[in-house]
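The values are calculated or read from the model by the stated rules, or taken from the named source; none is laboratory data. None of these values were measured; they are calculated from a predicted model. Every residue, glycine among them, receives a Cβ derived from its backbone with ideal geometry; neighbour counts consider all protein chains shown. The accessibility values were calculated without ligands, DNA or RNA, using every heavy atom of the protein model including side chains. Shrake-Rupley method; radii C 1.70, N 1.55, O 1.52, S 1.80 Å.
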Amino acid sequence: MARYTVRETEEKWQAVWAERGTFRATEDPGRPKYYVLEMFPYPSGRLHVGHIRNYAIGDVVARYKRACGFNVLHPMGWDAFGLPAENAAIANRTHPGAWTFENIRVMGEQLRLVGLSYDWDREIATCTPDYYRHEQKLFLDFLKAGLAYRKESWVNWDPEDHTVLANEQVIEGRGWRTGAPVERRQLTQWFLKITAYAEELVAAIETLDRWPDRVRLMQHNWIGRSTGASMRFALKHRNDGLDVFTTRPDTLSGASFCAVAADHPLARELATGRPEVQDFIDECRRLGTSEEAIQTAEKTGFDTGLVALHPFDGRELPVYIANFVLMDYGTGAIFGCPAHDQRDLDFARKYGLPVRPAHWPRGVTPLDPEGDPAHAEILARHRQAFADHGLVIVPDDTAEGGVRGYLHILDTAFLPRDVALSEEGLSAAGKTIVAAARAEDAQAYDLCGLVPTGTVLSIAAAKDTAIAALADRDRGEAKTTYRLRDWGVSRQRYWGCPIPVVHCPDCGVVPVPEADLPVTLPDDVSFDQPGNPLDRHPTWKHTVCPSCGGAAVRETDTFDTFVESAWYFLRFCSPHSDRPFDEAAAKYWMPVDQYIGGIEHAVLHLLYSRFFTRALQACGYDTVDEPFAALMTQGMVVHETYADPDGAWVYPEEVEEREAGPVRARDGAPVTRGRLEKMSKSKKNVVGLEKVVETYGADTARLLLLSDSPPERDLEWSDAGIEGAWRFVNRVYRQVTEPQASLPAMDAPVPDAIGAAAQDLRRRTHKTIAAVDGDLQGFHFNRAIARLRALSNAIGDFRPADAADAWVLREALEALVRLLCPITPHLCEELWQVLGYGDLLTTHPWPEADAALAADAAVTLGVQVNGKLRSTITVPVDADRALAQAVALAEAPVRRAIGDKTVRKVIVVPNRIVNIVVG
RNA sequence: GCGGGUGUGGCGGAAUUGGUAGACGCGCCAGACUCAAAAUCUGGUUCUGGAAACAGAGUGUCGGUUCGACUCCGACCACCCGCACCA
């Protein structure tokens, strides 16, 4: 029995593809294009099998689309700037560049092992001046367009990496790479004006209909659009006012205090000469921004003695400095409405401030709400503010029949629903309120007399009313704010793209002229002390001012590495262009038709890229606004983990199964099996790529990575799994190389008479073609593989008896090989040759199903009695109801189930089911 | 706290618009081939009872709609993820 010599075969076809330039992409306006891209890797060392899933998915898409006639662009490169290179340089006394290029070499070889259909002529590495000179040019464009600026601000400082981090790179108060608690520092930094596109970026999410909802939602939340009102409180005894943003202008009549952030200019002003104010501000700053600190910190405030005047009724409101008000959001100042905001309520309790309902149906209660004991009681009972959909309990003294009714409206968290919405014993007015409350977000308002007390309004209408009243008094207007902050791109590190500006003592910040680009990194740097080597370099930063020619220094900060990945997909369209990208090429290829990568970039990289394309348009580049038409986020590859008694991780290959449980082979120490974890070096559960490819071949690894789980879910890598995939690869190889009959020539005509069994196989073949095509279009690779296994099983069961059967067998084998080709391309290329073809299967057109041949002659229907399956019957396709009913009623188990009961109704759904209703 | 997702055999997962639940694979069991093993092939494998025929139960839980529900509706439970002092 001929064994499949997997390594030789794979190397052979890889060489053929490379030699013929099979995957080279060129613009061809005559053909539809398809740009498929996997998020390019950071060259961190070596790839393991877990890394390959992403690329395997992209490769199937690329190969499938290519076979379907698309002009496919499928490039690969290296996101090559970054801190690990510097850390490695410090640890190993090498140069970050040397380390990076060595990793690129190794990982490039690894990728080539897998037979991925990349156009390697387009390979880029972002750490080369060839790439980053264009990035510097783009930055100069941004600068000119006012999209890049420098300002002093509070920034996130990672004390371990000695650099600033963008907001997006702080996860739960810690640096995204180091996990070190982030510190606040005030520094002068370069920013890109992503907030200029906040509205566009949030609005266009809707157009990304081929992105996962999860990612769209995360971006939506990240941008954090809030609509409301911007308003100004007058300050008693002062000429200036206090600007406040609120999303709830409808609760303005319930305002009982104002508060400003510790960093607010007003607070700073008050601090001069008043040490007690300064002390409080210092205390707020000490608090930190970590999750624990925020959760445990009490809401504290400092009464400044200033008094704000309510815009509607002139009521006097104390102004506090409060530790929970953020300078970063809105205006850094708020008004507090304790009745409708939990945090404000906590604050009001602590400082004895009044709780005044804004939506309170006075038309129903005869009491003054401010002094209403019922209200106080309710607050005491629930210790909850009535948030927007919160509970309103209305004492209804006008109830009929002498029943003192309470309306429990809206929030069923506190009360059973039946109580909450009972109208029993209520007055007509009460019933109106309940009805209004049921209408989603309606509330009764008084709004400081702007509307008649007890007027029932939706919250939206009440907001509009309040905003209109503010505008009338020239006190405010509708306003939208965003949580999104501008993107801080300065990093105090060496291994990044130098920011192309010069600081001149006379001219200030001067951009490096385009003719002087690139500003290249110096090679002779030392990492023997912490901090930025560029800053310490003896000569590099000293230069002359491009403007006045005087002595000046270079900017020593480098760009955040997310800047490189924010436009690399454009560079791939024309990687050798002497401009950042060739607009005609980008016009042809962009947008990326299918982008594939991990969910971890849901906000960072994907948001930055969406901003970049828009910013480029603003700078006059002719390109798309949305870079990625479709996005697929693949799940992780997980693998078993083991730990020894001390809790240290143990490599699975060191573990031996004994009767008493798993032990470490070396010393027999018992080990515990841990959870399935994402493959990582630290958990010692990675599976090396080379070893797998050497033993089983790249095709087998690709097959496993694509079968079993849907691509967006996690996939377990296991020894049994790879063995199973290997079995299938060999089975297909044997089926084609040792067929059950001698196959006819490839151009033999369709035989005249085909037997019944062969007809079945033909039908199966054409059904499989149609189904696999649909599966690949929908990224259901696991389903496609299941169907192909089923076809292989059918081929294995088929016993050809004559020449016609052999012809049908050949047709089935060809279909199997062609359909499997995107998944296991080397094997299929080999088998295509075995089948007698001289061309490359990779460039051969995709098979088409013949619908007539795929159609069934007969169909098996389930027969139910009272909805319970009792039998199945086989009838001709589209058999009429009467026939199906007659056959069904003749079935013995059906008759038994009916027994002596009467048949009341027989439901026949043609080609689906028969249901006999008895009783 | 806010928002989102997922719950199907021993395991990964299949199931068009509501229409035979468990495709396909892994694992396991039995058998063939073999001196033996590996590989390969054949059959079985949701659970309970039964030798079998067959019967009953079954898609996180409870309820509803329907001739018929993994699928639709309501309430809940569990797990996972994102954001979080955002006014």
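General remarks:
- Of the residues A:SER490, A:GLY330, A:LEU835, the one whose Cα sits farthest toward the positive end of the charge dipole of chain A, with +1 on the Cβ of Lys and Arg and -1 on the Cβ of Asp and Glu, is A:LEU835.
- Between 0 and 90°, nearest 10: helix A:373-382 axis offset from chain A longest Cα axis: 40
- Against the criterion of solvent-accessible heavy-atom surface with a 1.4 angstrom probe, A:GLU86, A:GLU712, A:GLU583, A:GLU653 sort, most first, into A:GLU653, A:GLU712, A:GLU583, A:GLU86.
- Using the alpha carbons alone, the radius of gyration of chain A stands to its Kirkwood radius in an Rg to Rh ratio of 1.05.
- The stretch A:535-626 - percent of accessible surface contributed by carbon and sulfur, probe 1.4 Å: 51
- Charges were assigned to the Cβ only: +1 to each Lys and Arg, -1 to each Asp and Glu. The resulting dipole of the stretch A:136-195 about its Cα centre is roughly 320 debye.
- The stretch A:766-901 - percent of accessible surface contributed by carbon and sulfur, probe 1.4 Å: 50
- Cβ-placed point charges (K, R +1; D, E -1), dipole of chain A about Cα centre in debye, nearest 20: 1480
- The phi torsions of the stretch A:640-653, fed into the Karplus equation with coefficients 6.51, -1.76 and 1.60 and a -60° offset, translate into couplings of 4, 10, 9, 9, 7, x, 7, x, 7, 6, 10, 5, x, 6 Hz, rounded to whole numbers, with Gly and Pro shown as x.
- The residues of the stretch A:574-628 have, on average, 29 Å² of accessible surface per residue, using a 1.4 Å probe with all protein chains present.
- Beta bridges assigned by DSSP with both partners in chain A are antiparallel in approximately 80 percent of cases.
- Using alpha-carbon coordinates, inclination of helix A:719-737 to the longest axis of chain A, degrees: 40
- Sequence ranges A:693-699, A:569-575, ranked by mean other-Cβ count within 10 angstrom, highest first: A:569-575, A:693-699
- Across the accessible surface of the stretch A:682-743, with the other protein chains kept in place and a 1.4 Å probe, carbon and sulfur atoms take up 42 percent.
- In a simple Cβ point-charge model (Lys, Arg +1; Asp, Glu -1; nothing else charged), the stretch A:745-841 has a dipole of about 440 debye relative to its Cα centre.
- Chain A: calculated mean residue ellipticity at 222 nm from DSSP helix runs of at least 4, using -39500 (n - 2.57): -10500 deg cm²/dmol
- Gyration tensor verdict on the stretch A:594-663 (Cα atoms; rounded if a/c is under 1.5, prolate if a/b is larger than b/c, oblate otherwise): prolate
- Of A:PHE611, A:PRO580, A:TYR595, farthest towards positive along the dipole that unit charges on Lys, Arg, Asp, Glu beta carbons give the stretch A:567-617: A:PHE611
- The stretch A:488-580 shape via C-alpha gyration tensor axes, a/c threshold 1.5: oblate
- Measuring only protein heavy atoms, the 1.4 Å probe finds A:GLU200 accessible over about 90 Å².
- Ranked from largest to smallest solvent-accessible area, with a 1.4 Å probe on the protein heavy atoms, A:GLU654, A:GLU283 come out as A:GLU283, A:GLU654.
- Highest to lowest packing among A:734-745, A:811-822, A:34-45, scored as the average C-beta count within 10 Å: A:811-822, A:34-45, A:734-745
- Against the criterion of solvent-accessible heavy-atom surface with a 1.4 angstrom probe, A:ASP760, A:ASP582, A:ASP263, A:ASP158 sort, most first, into A:ASP760, A:ASP582, A:ASP263, A:ASP158.
- At full extension, A:ARG473 and A:ASP752 could sit 91.4 nm farther apart than now, given 0.36 nm per residue minus the alpha carbon distance.
- Signed unit charges on C-beta, dipole axis of the stretch A:97-166, positive-most listed residue A:GLN110, A:TYR149, A:ALA98: A:TYR149
- Per-pair calculated FRET efficiency, R0 = 35 Å: A:GLN777 and A:LYS868 via Cβ, rounded to 0.05: 0.40
- Shape of the stretch A:539-674, Cα gyration tensor, a/c cut at 1.5: oblate
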